[in-house]
1. Could you list all residues from region 410-450 that are in contact with a Ser or Thr (Cβ under 9 Å, 6 or more places away or on another chain) and polar (S, T, N, Q)?
2. Looking at this structure, is residue 91 of a type in the set (Gly, Ala, Ser), in the same structural domain as residue 21 (by TED's automatic domain parsing) and within 16 Å of the ligand (Cβ to nearest atom)?
3. If we only count helices (runs of 4 or more DSSP H) wholly inside region 297-402, which ones have 2 or more residues that are crowded, with 19+ Cβ neighbours inside 10 Å and polar (S, T, N, Q)?
4. Select from region 426-476 the residues that are farther than 21 Å from residue 394 by Cα and at pLDDT below 95 and list them in ascending order.
5. Anything in region 199-246 that is within 16 Å of the ligand (Cβ to nearest atom) and among the acidic types (Asp, Glu)? List them, or say none.
6. Tally up the residues in region 97-123 that are more than 16 Å from the ligand (Cβ to nearest atom) and in contact (Cβ under 8 Å) with a residue 24 or more places away in the chain, please.
Amino acid sequence: TKSQAWSALFSEPMSELVKRYTASVFFDQRLWLADITGSLAHAEMLAAQGIISADDFASIERGMAQIRAEIESGAFEWKLDLEDVHLNIEARLTQLVGDAGKRLHTGRSRNDQVATDVRLWLRDEIDIIGGLLNELQLALVEIAQQNVDVILPGFTHLQVAQPVSFGHHLLAYVEMFSRDAERFSDVRRRTNRLPLGSAALAGTTYPLDRARVARTLGMVNAAGEAELCQNSLDAVSDRDFAIEFSAAASLCMIHISRLSEELIIWMSQNFGFIKIADRFTTGSSIMPQKKNPDVPELARGKTGRVVGHLMGLITLMKGQPLAYNKDNQEDKEPLFDTVDTLKDTLRIFTEMIGGQLDPATGVKAGGITVNAQAMEQAALKGYATATDLADYLVKKGVPFRDAHETVAHAVKAATAHGVDLSELPLAVLQGFHASIEKDVFDCLSLRGSLNARNTLGGTAPAQVRAQILRHQTRLA
Ligand code: ARG
């Protein structure tokens, strides 16, 4: 079946090697639904404009319905000879409905066709990703709510710094994922614009109604106006929407990767802060005692792969003159793999963190288990309330820099005795500064330290509860 539209010009068949090298059908077939949807919108407009007959459009609709059923049932025969998803579907259409099928491509090129298909497909994937990000945030907010009063050693340089609410810590990730969601919806706006009507590169001689096609495909802005690519050369060759998406996906994976790193640390025996459900861990083939955090480790690893795809896509673009070049066919595998990896990762993290609701019993199983005592014990090491002692002195009138120095002496002495600041007798503390009184022990406690950080965005439980409320309202 040598049915390529340009074959009359060629004096010899394409070599098998070149055929395989240039074909994309075995990966771009996943665009089939977008391709059919785009073709139907185009054909409907051609008929409305009197460019093809109503009968032709009816035949195209009928043929496409059958093709759709064939693809869904797995009966459709994808042919390497037909190069890509577009030519495969068009050839089958012509086989099914004859001349009407041959009229479908009027006023269209594969260049504006593929650009439209990728945008339609990506737009729908962005919507799915938005939903998944919402669920992950809700899972994190739920665990945060259960752990507002659990005290975690907050780290800087991975050294104990100040005590924080574990709920507060988890909400930091909710902030990151909410920005990711914003970025995706911003990318969606620029993705949801119509290239069709640009034809190969220069526009077309037929009186196409591009706005009609855009409206049929839902490529409209918030005001309901058609969103059309405004320059035919740009429309067929631009892939920056895909690059932007890939950048947003990379950032999102980087956030997942940071969370993964923390989960892995928290799960290690030396920390013992949390456990994750067994089904997210794997054993070792040699060490019988092992339960390894494979899921967060793989997520951290897969981040490299998604960032790598971003590098691939931007490098793919950099040397391309206007307009369409075949280079652009290479946008698909990285884009598809980015979407697959991100969606799988978001789904698995939502379940690993929040657990899974059993619809039969209404009980949530799995999710992370928090060892509040281990966290609090760890926060007691490392003089996490040293800043609070300095702040205490400042409130007694001592300049902050002097207070800082005084506390450094106190920490040095406590370290020498192997005790916490709160374990030093009052008399010893008073030896460091005369203005220290009995009330100092309130500020030296972890809980006192937490409660004192009561500014917006701070870790005081009252602030954390307010943030949880805000997120719940926002995500509802
Ligand atoms: N499979 C091609 C792609 O993915 C479709 C466009 C081909 N256009 C062309 N003139 N060769 O980009």
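1. Passing the criteria: 422, 445, 449.
2. Yes, satisfied.
3. Fully inside region 297-402 and qualifying: 332-354.
4. 476
5. 234, 238, 240
6. 8
Residue by residue, here is whether (1) out of contact with any strand residue (DSSP E or B) (no Cβ under 6 Å at 6 or more places or on another chain); (2) assigned by TED's automatic domain parsing to the domain that holds residue 66; (3) surrounded by 23 or more Cβ atoms within 10 Å (Cβ to Cβ) holds:
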{"position": "87", "(1), (2), (3)": "yes, yes, no"}
{"position": "95", "(1), (2), (3)": "yes, yes, no"}
{"position": "125", "(1), (2), (3)": "yes, no, no"}
{"position": "132", "(1), (2), (3)": "yes, no, no"}
{"position": "136", "(1), (2), (3)": "yes, no, yes"}
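The values are calculated or read from the model by the stated rules, or taken from the named source; none is laboratory data. What you see is a predicted model, and the numbers here were worked out from it, not measured in a lab. A quick note on method: Cβ atoms are made from the backbone with ideal geometry, for glycine too, and the neighbour counts reach across all protein chains shown.
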